[in-house]
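Structure first, commentary second.
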């Protein structure tokens, strides 16, 4: 059961209250927005909670145990607040969310009623509906070791431990041309081997799509031009002249870990696991008993 601060509890006991909801959204790029359903703007905790955003919220559903708390925020799309372009670009995906119950006459009298992240966001008729999920949502993610031949780590994470800032592995470049929204051409990237960036990250640094990222599908060179193709087009406009950062790709093989990244001590796969053919074969004293395919 939630315990309210004494000042807020005393205010509720009066029977005549001056309460409102304040919402704080923290995007992963560090941008913070504040909204309130009160009719005037409020400020606390270094955040301005604006009253002209058309935001409202349903009741917070909270339970005991490990069930996920959830609620929904509803608002009008506004150029001054949440824009449809930003939502479509995915800038609010996984954003942190806080809901405060506040005495608008004295904002120091308040209580944090909800903390979590934004889930599914839908748009219709100039409005958005955002699902808000509690902190226990993270417990729904699968955990555990995967026993497989390829590496199960993500390049540069805490299990891989490779420093992506190591000189010579990443590159910054200016887009020369764009086609189909996901094929980009660059000049001046001849210092990297063929397919160096295949499977790597593509991050936009400037322009309308700044902050967005995608996965590289193909990396090809032709003469002095390098062509980078993404698996999916980014949800933001990228034009010639925009600056991007290209990260190296990793195909999860032990040979790549050893030769390309010199990081085999942190390889998180099991390359010597016997295949299905080997597990089903009868014992034999002859042949190449290496654990590989019998074909």
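The values are calculated or read from the model by the stated rules, or taken from the named source; none is laboratory data. If you're wondering where the values come from, they're calculated on a predicted model, not measured in any experiment. Neighbour counts run over all protein chains shown; Cβ positions are idealised from the backbone, glycine included.
Among the residues of the stretch 152-171, is there at least one that is in contact with a strand residue (DSSP E or B) (Cβ under 8 Å, 6 or more places away or on another chain), surrounded by 14 or more Cβ atoms within 10 Å (Cβ to Cβ) and either farther than 21 Å from residue 252 by Cβ or in contact (Cβ under 8 Å) with a residue 24 or more places away in the chain (or both)? Yes, that holds for at least one residue.
Scan the stretch 208-229 residue by residue and report those that are outside any loop (DSSP other than H, G, I, E, B) and more than 17 Å from the chain's Cα centre (by Cα). Outline the logic, then answer.
As a first pass, look at the stretch 208-229 and keep what is outside any loop (DSSP other than H, G, I, E, B): 213-222, 225-229.
Correct list: 217, 218, 219, 220, 221, 222, 225, 226, 227, 228, 229.
A quick yes/no check of all residues on (1) outside any loop (DSSP other than H, G, I, E, B); (2) in the same structural domain as residue 213 (by TED's automatic domain parsing); (3) at positive phi; (4) at pLDDT below 85:
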position	(1), (2), (3), (4)
64	no, no, no, yes
72	yes, no, no, yes
81	no, no, no, yes
93	no, no, no, yes
102	yes, no, no, no
121	yes, no, no, yes
130	yes, no, no, yes
145	no, no, no, yes
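Considering the stretch 214-238, the residues that are touching a strand residue (DSSP E or B) at 6+ places or on another chain (Cβ under 8 Å) and in contact (Cβ under 8 Å) with a residue 60 or more places away in the chain include one that is nearest to residue 190 (Cα to Cα), namely 238.
Answer with yes or no whether residue 197 is surrounded by 16 or more Cβ atoms within 10 Å (Cβ to Cβ), at pLDDT 95 or above and within 30 Å of residue 273 (Cα to Cα). Here the answer is yes, as residue 197 does meet what is asked. Condition check for residue 256 on (1) in contact with a strand residue (DSSP E or B) (Cβ under 7 Å, 6 or more places away or on another chain); (2) farther than 21 Å from residue 85 by Cα: one failure, at (1). What residue, of 265, 205, 189, is under 27 Å from residue 163 (Cβ atoms), at pLDDT 90 or above and surrounded by 12 or more Cβ atoms within 10 Å (Cβ to Cβ)? Just a single option satisfies the conditions, and that option is 205.
The one condition from (1) touching a helix residue (DSSP H, G or I) at 6+ places or on another chain (Cβ under 7 Å); (2) surrounded by fewer than 19 Cβ atoms within 10 Å (Cβ to Cβ); (3) at pLDDT 95 or above that residue 250 does not meet is (2).
Please work out if residue 235 is at pLDDT below 95, closer than 26 Å to residue 92 by Cα and in contact with a helix residue (DSSP H, G or I) (Cβ under 9 Å, 6 or more places away or on another chain).
Details: at pLDDT below 95: yes; closer than 26 Å to residue 92 by Cα: yes; in contact with a helix residue (DSSP H, G or I) (Cβ under 9 Å, 6 or more places away or on another chain): yes.
Judged against the criteria, residue 235 is a match.
May I ask you to verify whether residue 219 is closer than 30 Å to residue 274 by Cβ and either surrounded by fewer than 19 Cβ atoms within 10 Å (Cβ to Cβ) or outside the structural domain of residue 97 (by TED's automatic domain parsing) (or both)? I'd like the intermediate steps shown before the answer.
Values: closer than 30 Å to residue 274 by Cβ: no; either surrounded by fewer than 19 Cβ atoms within 10 Å (Cβ to Cβ) or outside the structural domain of residue 97 (by TED's automatic domain parsing) (or both): yes.
So residue 219 does not fit the description; no.
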